Amino acid sequence: MTRGIPTEPIGSIPRTAALLAAMEARAAGRITEADLAAAQDEAVRDTVRRLEELGSPVVTDGEQAKPSFATYPVAGAAGLAPDGVVIPFADGHVRRLPCLTAGPFRYAVHAEQYLRAARRHAAVPVKQAVIAPSALSLLYPSDGIDGYPREAFLADLTAGAEADIRGCLKAGAHVVQLDFTEARLSLKLDPSGSLLEDFVALNNSVLERFSEPERARIGIHTCPGGDLDSTHSLDVDCAALLPKLLRLKAGNFYVQLASEPDPDKVLAVLAGHLPDGARAFVGVTDPVDPRVETPEEVRDRVLAAARHLPPGSLGTCDDCGFSPFADDTSTSRETAFAKIRARIEGTALAEDALGLA
């Protein structure tokens, strides 16, 4: 049955304790790669089961097997150095991307394998998160690579990104979600908006390769980053981001909102620029905030969004993933599922209030 207001998770769920232990054991050489794969599959099975038990109409694999939401395509790949772009967070910690040292660039891992693993355990539709090509473009060094110009890199990158998305669509993804967290960060790095425009153009160069029916199953996620209970760009005005971001040729947009200081301002911009036929999934739970929202709070956030967006253009989601990097244990697994329960129940309360149930 189609929901009046669809609700979806964004992606990552904190890894199970057993999986975290297996990752540590594998790093120390105490278990085999096959042992780790078995622990990952069990964590996916448990994640899907718990999401379904909460009544989630759409599930994900919780990114249990990904090293991070951003770097899975190059996991285990050669031709990389660890001294790439630094992403600073508000609390002072940083994450660092790898740096490409030689070409050609190729995806070592495609997200289709995560989707197929989740679908083996799921009785409801499964969405799959992939990293936006704009994020992977940051792997190319600013001083270039001898014999491998940036233009050749971008051609290889867009081909790889298309294959990553297309593989998930063909494997039966309910929707493929491009994680575009660097969009908001780009305005911090370059307030002129030129870098953001470059990112949007690059992502559109991939999205344009898909048909209209295919793009209806492709979504864009934007947030200010969430890692170790901190963000990298919450101080950037989301209202300045959305007009350019909403030029992306996708059918769904997943927009962080619960942690916004002025959600009505963001909603007004969102409503004014949302493409015809697209749906905006607004964040109604904040993974960075340790407090679990009540279903009533979620309901009120949905009703506030419904004052700007008609039900046919509205959905709900979490602001961002709960553990985008595998080693992030700042949010417990129990807290994540409690927040997801609040989102699902609160969305249902809003449907009742709007007469959509």
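Select, from VAL298, VAL292, VAL284, the only residue that is β-branched (Val, Ile, Thr), in contact (Cβ under 8 Å) with a residue 40 or more places away in the chain, in a loop (DSSP other than H, G, I, E, B) and in contact with a Ser or Thr (Cβ under 9 Å, 6 or more places away or on another chain). Even if it seems obvious, please write down each step before you answer.
On the way: VAL298 fails: in a loop (DSSP other than H, G, I, E, B); VAL284 fails: in a loop (DSSP other than H, G, I, E, B).
Going through VAL298, VAL292, VAL284 in turn, the sole match is VAL292.
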For ARG215: the one exception among (1) touching a residue at least 40 places away in the same chain (Cβ under 8 Å); (2) of a type in the set (D, E, K, R); (3) surrounded by 16 or more Cβ atoms within 10 Å (Cβ to Cβ): (1)
In the range 95-116, the residues that are in contact with a helix residue (DSSP H, G or I) (Cβ under 6 Å, 6 or more places away or on another chain) and closer than 20 Å to LEU169 by Cβ: TYR107, VAL109, HIS110, ALA111, GLU112, LEU115
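Could you tell me whether LEU97 is crowded, with 17+ Cβ neighbours inside 10 Å, within 23 Å of the chain's Cα centre (by Cα) and at pLDDT 95 or above?
Values: crowded, with 17+ Cβ neighbours inside 10 Å: yes; within 23 Å of the chain's Cα centre (by Cα): yes; at pLDDT 95 or above: no.
Against the criterion (crowded, with 17+ Cβ neighbours inside 10 Å, within 23 Å of the chain's Cα centre (by Cα) and at pLDDT 95 or above), LEU97 does not qualify.
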Odd one out for ARG299 among (1) more than 19 Å from ARG50 (Cβ to Cβ); (2) surrounded by fewer than 16 Cβ atoms within 10 Å (Cβ to Cβ): (2)
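Do the conditions hold for LEU19, that is, is it in contact (Cβ under 8 Å) with a residue 40 or more places away in the chain and touching a helix residue (DSSP H, G or I) at 6+ places or on another chain (Cβ under 6 Å)?
Numbers: in contact (Cβ under 8 Å) with a residue 40 or more places away in the chain: yes; touching a helix residue (DSSP H, G or I) at 6+ places or on another chain (Cβ under 6 Å): yes.
Taking the combined requirement at face value, the residue satisfies it.
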Selected residue [on the phi < 0 side of the Ramachandran plot, crowded, with 23+ Cβ neighbours inside 10 Å and part of a helix (DSSP H, G or I)] from LYS265, LYS339: LYS339
Boolean, ALA240 is more than 19 Å from PRO310 (Cβ to Cβ) and assigned to a helix (DSSP H, G or I): yes
Cβ pairs under 8 Å, 6+ apart, first in the range 185-204 and surrounded by 14 or more Cβ atoms within 10 Å (Cβ to Cβ), second modelled with pLDDT under 95 and among the β-branched types (Val, Ile, Thr): LEU185/ILE87; LEU185/VAL236; LEU187/VAL236; LYS188/VAL236
Meets criteria (in a loop (DSSP other than H, G, I, E, B), in contact with a helix residue (DSSP H, G or I) (Cβ under 7 Å, 6 or more places away or on another chain) and buried (at least 16 other Cβ atoms within 10 Å of the Cβ)) for GLY55: no
Complete set of residues in the range 142-162 that are surrounded by fewer than 16 Cβ atoms within 10 Å (Cβ to Cβ) and not charged (D, E, K, R): SER142, GLY144, GLY147, PRO149, ALA152, ALA155
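This table checks each residue for (1) among the hydroxyl-bearing types (Ser, Thr, Tyr); (2) free of Cβ contacts under 8 Å to residues at least 12 places away in the same chain; (3) under 20 Å from ALA201 (Cα atoms); (4) in contact with an Asp or Glu (Cβ under 9 Å, 6 or more places away or on another chain).
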residue: ILE87; (1), (2), (3), (4): no, no, no, yes
residue: LEU115; (1), (2), (3), (4): no, no, no, yes
residue: VAL124; (1), (2), (3), (4): no, no, no, yes
residue: ILE131; (1), (2), (3), (4): no, no, yes, yes
residue: GLY144; (1), (2), (3), (4): no, yes, no, no
residue: PHE153; (1), (2), (3), (4): no, no, yes, no
residue: ASP156; (1), (2), (3), (4): no, no, yes, no
Strands (runs of 3 or more DSSP E) contained in the range 68-174 and holding at least 2 residues within 21 Å of LYS188 (Cβ to Cβ) and among the β-branched types (Val, Ile, Thr): 86-88
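Test THR347 against the stated conditions and say whether it is of a type in the set (Val, Ile, Thr), modelled with pLDDT of 95 or more, crowded, with 16+ Cβ neighbours inside 10 Å and in contact with a helix residue (DSSP H, G or I) (Cβ under 8 Å, 6 or more places away or on another chain). Steps first, please.
Details: of a type in the set (Val, Ile, Thr): yes; modelled with pLDDT of 95 or more: yes; crowded, with 16+ Cβ neighbours inside 10 Å: yes; in contact with a helix residue (DSSP H, G or I) (Cβ under 8 Å, 6 or more places away or on another chain): yes.
Yes.
Among THR181, THR158, which is the only one that is within 17 Å of THR71 (Cα to Cα) and more than 17 Å from the chain's Cα centre (by Cα)?
Working: THR181 fails: more than 17 Å from the chain's Cα centre (by Cα).
THR158 is the lone residue from the list that is within 17 Å of THR71 (Cα to Cα) and more than 17 Å from the chain's Cα centre (by Cα).
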Some residue of the range 30-44 being closer than 16 Å to GLU334 by Cα, in contact (Cβ under 8 Å) with a residue 40 or more places away in the chain and not in a loop (DSSP other than H, G, I, E, B): yes
Filter result (surrounded by fewer than 24 Cβ atoms within 10 Å (Cβ to Cβ), modelled with pLDDT under 90 and assigned to a loop (DSSP other than H, G, I, E, B)) within the range 308-329: ALA326, ASP327, ASP328, THR329
Complete set of residues in the range 50-64 that are small (Gly, Ala, Ser) and under 15 Å from the mean Cα position of the chain (by Cα): GLY62
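The values are calculated or read from the model by the stated rules, or taken from the named source; none is laboratory data. Keep in mind the model is a prediction, meaning the values are calculated, not measured. FYI the Cβ positions are ideal-geometry reconstructions off the backbone, even for glycines, and counts take in every protein chain you see.
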